[in-house]
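Below is one structure, written out as structure tokens; comments come after it.
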Protein chains: 2
Amino acid sequence: MKSIINPKREDWSVLLQRPTQKVENLEDTVNQVFDDVKRNGDKAISKYTQLFDGVILDSNIVTRTSFEKALKEISTELKIAINRAKDNIEKFHLTQKTEKVEVETTQGVICWQEKRPIEKIGLYIPGGTAPLFSTVLMLAIPAKIAGCKEIILCTPPNKEGNIANEILYTAELCGITKIFKVGGIQAIAGLTFGTETIPKVYKIFGPGNQFVTVAKQLATKFGVAIDMPAGPSELLVVADDSANASYVASDLLSQAEHGSDSQVILVSTSKDLIEEVQMEITKQIKELPRKDMAEKAISNSKFIYLESDEDAMDLINDYAPEHFIICTKNEDFYLDNIINAGSVFIGNYTPESAGDYASGTNHTLPTNGFSKSYSGVNLDSFNKSITFQKISKEGLINIGNTIELMAEAEGLQAHKNAVSIRLKDILPGEVGISNIENQ
Amino acid sequence: MKSIINPKREDWSVLLQRPTQKVENLEDTVNQVFDDVKRNGDKAISKYTQLFDGVILDSNIVTRTSFEKALKEISTELKIAINRAKDNIEKFHLTQKTEKVEVETTQGVICWQEKRPIEKIGLYIPGGTAPLFSTVLMLAIPAKIAGCKEIILCTPPNKEGNIANEILYTAELCGITKIFKVGGIQAIAGLTFGTETIPKVYKIFGPGNQFVTVAKQLATKFGVAIDMPAGPSELLVVADDSANASYVASDLLSQAEHGSDSQVILVSTSKDLIEEVQMEITKQIKELPRKDMAEKAISNSKFIYLESDEDAMDLINDYAPEHFIICTKNEDFYLDNIINAGSVFIGNYTPESAGDYASGTNHTLPTNGFSKSYSGVNLDSFNKSITFQKISKEGLINIGNTIELMAEAEGLQAHKNAVSIRLKDILPGEVGISNIENQ
């Protein structure tokens with residue numbers, strides 16, 4: 001746990017450097033699997049499922065029986081919890097619906113913008129030790145609200161060839177029933193090219209390990225969109241003497257338990273608080289089942305003291321954290337001035353885990369500084385905006401000359417002609433470009 | 001000009017295939033320039049400007065004098081035209097502003113979403129025979145409305161080392177004054193890494209040739225976002241007997257003059273109209289200065305007859321055109337059912353060139369079938385959505401157990417603990433997970 005007192009501005013970029021992710025060396029493997037899946041479809045998928053997941057499946061497709069088994073086996077209290085989270089996530093994403101916007105820019109020229117759902121999407125849910133059913137909620141709920149027609153979920157099978165009950169229950173609760181027991185690179189390749197069983201999709205969402213990340217990047221080369229580039233999860237807390245050190249420590253640890261490459265940063269205008277938080281971490285970390293992972297992440301964590309809120313704010317916007325917790329007296333200052341962050345948590349009773357599970361906000365967020373240019377997953381991630389325009393004869397009289405002059409100046413005569421040919425019919429008296437100043 | 005009568009559904013994908021773009025062979029060159037610019041900054045930029053643009057510049061930076069010269073030399077009528085276009089584009093993009101959305105998902109749990117501008121962006125404007133000043137309007141106006149702080153424009157110099165007056169005039173009109181005389185791969189590399197003169201940006205916008213396209217794709221690997229993947233421009237017109245064949249022909253030709261790889265498609269439920277349009281094209285094409293280019297594009301164009309509007313609609317959504325013109329009696333059917341298109345033009349007096357220049361909609365649109373998953377450039381292209389949440393003690397009591405149960409089920413004990421440690425203080429009587437059914 002390293003404390004840094006008043007670092008100089010010129011040292012911020014080195015201080016806040018994220019661990020370098022080397023992706024180049026994975027590209028060969030990813031290219032090879034893509035090539036194979038493109039050529040051999042399900043046969044290749046089976047091969048890699050056997051190779052990477054260590055299981056031979058009769059079929060990729062999750063059966064009705066598995067859904068029913070999941071429904072039976074999950075405890076009532078977990079079901080209630082998942083249902084409550086679903087309600088909140090639904091409420092929040094429903095507020096993000098937008099209506100068509102329309103304006104008559106010039107008399108007779110009506111322009112509008114409408115949203116349409118992306119028709120076919122793929123959701124990737126990682127496997128591993130814990131079933132990330134919360135991510136099913138975060139992706140499936142806005143996809144359903146947007147109205148995506150075909151929603152495909154891929155997730156790797158365990159050694160017994162099964163998918164966790166929690167994932168199946170949550171998926172079905174959200175109305176997703178096309179689930180494939182396929183993980184890793186081969187899942188992304190399957191969604192990219194389509195196979196005999198897996199449909200080709202237009203956009204792929206969801207987290208994953210480095211292989212999945214590189215595979216998603218490669219998918220974009222084949223015309224498939226992705227939600228965002230991924231990196232290790234991260235949390236930055238800004239806190240002063242008004243914060244509760246044990247709460248701050250618990251938030252930093254909740255981030256640290258994700259993995260040894262998680263990023264954990266505390267920025268404070270109080271040296272005392274930094275010290276207290278460090279003591280609390282030492283105390284709390286002992287109790288954690290994922291202690292080893294958390295310890296590694298904490299050993300790379302940064303505790304940064306800065307004298308002014310202004311400096312702290314600049315440093316935070318420079319870093320552009322995925323998760324940003326504000327526990328300070330003057331929270332309004334930080335709320336007004338935060339520009340680069342994925343999701344913001346305010347006050348002593350708003351732990352990051354609330355947003356990870358159940359408050360309603362989405363937990364699929366830009367890491368690795370991408371909050372400088374990317375939004376987290378939201379309703380519009382599942383929509384496209386289309387523009388429309390309808391021009392009347394009068395409208396074309398009003399803007400026709402403007403178009404003709406600009407097209408002429410860009411050397412695009414046929415663009416001009418598409419207007420002139422119409423204007424000649426509407427205004428048979430005029431010849432060529434009429435005098436714009438007479439309009 | 002090939003007419004296809006009632007093509008079978010299974011043949012649509014081959015019929016509508018776009019010309020393959022081979023990008024692999026450009027990657028070596030692009031990688032090399034990126035590497036050089038990353039290492040050697042402006043020195044490398046100068047080298048490539050000399051190599052690719054054939055000019056040695058004293059400085060990359062456009063001077064005050066050049067702006068003043070542009071202001072003097074552009075004709076008053078073109079200035080008026082550009083100003084009118086600007087007004088319309090501004091009006092339309094202003095309607096796209098959205099307010100903060102907020103909801104109390106559970107009592108005491110307040111979640112909201114707000115947009116913040118991307119702070120630093122780069123606009124790329126291609127050079128070449130004609131100065132594409134209209135693209136300056138399309139990118140600079142929404143960037144200014146969004147509130148982007150640093151807007152950098154890069155565009156290649158001509159052989160005399162100058163930038164077209166129209167580009168300089170339009171840029172200054174839109175409030176862009178940081179212009180660099182740098183084009184091609186080296187411009188994208190400069191914006192990606194930053195040099196002594198060119199600032200590093202977070203997102204790059206704008207069209208370009210294949211080199212620029214590959215360079216933008218490479219930029220994403222270095223953490224820079226881009227507006228969208230690019231491809232040759234394309235237009236699909238659906239028209240029936242109510243359409244005016246000469247207008248339809250003029251629209252198809254306005255697309256065809258962009259280049260020999262432009263895509264031009266007419267879909268019609270009237271064989272007579274197809275024939276008339278073909279005759280009109282033969283007549284109109286003779287007069288065009290860019291006749292050679294247009295002829296090549298027209299020779300690859302498709303004129304597709306289909307018996308029903310339903311079939312036509314399915315084919316159009318399959319193709320996902322960048323530009324889509326509707327000139328049919330039952331335009332409402334197409335408006336209601338179009339899902340995949342960049343921008344839609346309705347009726348006999350709405351030529352595509354209106355949207356290219358002056359009606360108000362944006363002309364930076366998804367090509368190559370990307371309208372299945374991408375929006376055209378719009379106000380939100382320059383914004384990010386950030387989510388916020390503030391939970392009261394009461395709120396945490398209400399959703400705390402839900403979070404604890406879900407975190408526990410995902411095996412993330414520290415996530416659970418961040419809630420438990422707070423609940424223990426708020427509800428000192430309770431121990432561990434309280435009975436969720438008692439809430």
Exercise. Hey, among the residues in region B:117-130 that are more than 19 Å from the chain's Cα centre (by Cα) and not hydroxyl-bearing (Ser, Thr, Tyr), which one's surrounded by the fewest Cβ atoms within 10 Å (Cβ to Cβ)?
Worked result: B:Gly128
For this session: Take B:Ser371 and decide whether it is touching a Ser or Thr at 6+ places or on another chain (Cβ under 6 Å), in a helix (DSSP H, G or I), buried (at least 23 other Cβ atoms within 10 Å of the Cβ) and facing another protein chain (nearest Cβ under 9 Å).
Result: no
Exercise. Considering region A:261-290 alone, what residues qualify as being facing chain B (nearest Cβ under 9 Å) and buried (at least 16 other Cβ atoms within 10 Å of the Cβ)?
Worked result: A:Gln284, A:Ile285, A:Leu288, A:Arg290
Exercise. Do you know which of the residues in region B:205-220 that are under 19 Å from A:Ala230 (Cα atoms) and out of contact with any Pro (no Cβ under 9 Å at 6 or more places or on another chain) is surrounded by the fewest Cβ atoms within 10 Å (Cβ to Cβ)?
Worked result: B:Leu218
Exercise. In this structure, is B:Ser3 among the hydroxyl-bearing types (Ser, Thr, Tyr) and closer than 30 Å to B:Pro131 by Cβ?
Worked result: no
Exercise. Does region A:84-95 contain any residue that is small (Gly, Ala, Ser), facing another protein chain (nearest Cβ under 9 Å) and either in a helix (DSSP H, G or I) or without any contact (Cβ under 8 Å) to a residue 24 or more places away in the chain (or both)?
Worked result: yes
Problem set entry | The listed residue being acidic (Asp, Glu), surrounded by fewer than 19 Cβ atoms within 10 Å (Cβ to Cβ) and facing another protein chain (nearest Cβ under 9 Å), out of B:Glu150, B:Glu104, B:Glu99 | B:Glu104
Exercise. So A:Glu27 fits all but one of (1) surrounded by fewer than 16 Cβ atoms within 10 Å (Cβ to Cβ); (2) under 30 Å from A:Val264 (Cα atoms); (3) touching a strand residue (DSSP E or B) at 6+ places or on another chain (Cβ under 8 Å); what number is the exception?
Worked result: (3)
For this session: Quick one: count up the residues across region B:401-413 that are surrounded by fewer than 23 Cβ atoms within 10 Å (Cβ to Cβ) and more than 7 Å from chain A (Cβ to nearest Cβ).
Result: 1
Exercise. Are any residues in region B:381-400 assigned to a helix (DSSP H, G or I) and either among the small types (Gly, Ala, Ser) or more than 7 Å from chain A (Cβ to nearest Cβ) (or both), and if so, which ones?
Worked result: B:Ser381, B:Phe382, B:Glu394, B:Gly395, B:Ile397, B:Asn398, B:Gly400
Exercise. Could you count how many residues in region A:38-66 are hydroxyl-bearing (Ser, Thr, Tyr) and either touching a strand residue (DSSP E or B) at 6+ places or on another chain (Cβ under 9 Å) or outside the structural domain of A:Asn209 (by TED's automatic domain parsing) (or both)?
Worked result: 1
Seminar exercise, completed: In region A:387-426, anything more than 44 Å from the chain's Cα centre (by Cα) and closer than 20 Å to B:Ala297 by Cβ is listed as A:Asn417, A:Ile421
Seminar exercise, completed: Turns out the strands (runs of 3 or more DSSP E) fully within region B:293-368 with at least 2 residues that are at the interface with another protein chain (Cβ under 8 Å from one of its Cβ atoms) and in contact (Cβ under 8 Å) with a residue 12 or more places away in the chain are B:343-346
Exercise. Looking at region B:164-189, which of its residues are out of contact with any strand residue (DSSP E or B) (no Cβ under 7 Å at 6 or more places or on another chain) and of a type in the set (Val, Ile, Thr)?
Worked result: B:Ile167, B:Thr170, B:Thr177, B:Ile185
Problem set entry | Residue within region A:44-63 that is among the aliphatic types (A, V, I, L, M), part of a helix (DSSP H, G or I) and within 14 Å of chain B (Cβ to nearest Cβ) present | no
Exercise. If you take the residues of region B:232-260 that are buried (at least 21 other Cβ atoms within 10 Å of the Cβ) and under 30 Å from B:Val33 (Cβ atoms), which of them is nearest to the other protein chains (Cβ to nearest Cβ)?
Worked result: B:His258
Seminar exercise, completed: Considering only strands (runs of 3 or more DSSP E) wholly within region A:118-235, the ones with at least 1 residues that are touching a residue at least 24 places away in the same chain (Cβ under 8 Å), over 27 Å from A:Leu51 (Cβ atoms) and acidic (Asp, Glu) are A:150-154
For this session: Restrict the check to region B:171-192 and report whether at least one residue is under 25 Å from A:Ser373 (Cβ atoms) and either outside the structural domain of B:Leu57 (by TED's automatic domain parsing) or touching an Asp or Glu at 6+ places or on another chain (Cβ under 7 Å) (or both).
Result: yes
For this session: Tell me, please, whether a residue that is at pLDDT below 95, charged (D, E, K, R) and not in a loop (DSSP other than H, G, I, E, B) can be found in region A:242-265.
Result: no
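The values are calculated or read from the model by the stated rules, or taken from the named source; none is laboratory data. Treat the numbers as computed from the prediction; the structure is a model and nothing was measured. In this analysis, Cβ positions are derived from the backbone assuming ideal geometry, glycine residues included, and neighbour counts consider all displayed protein chains.
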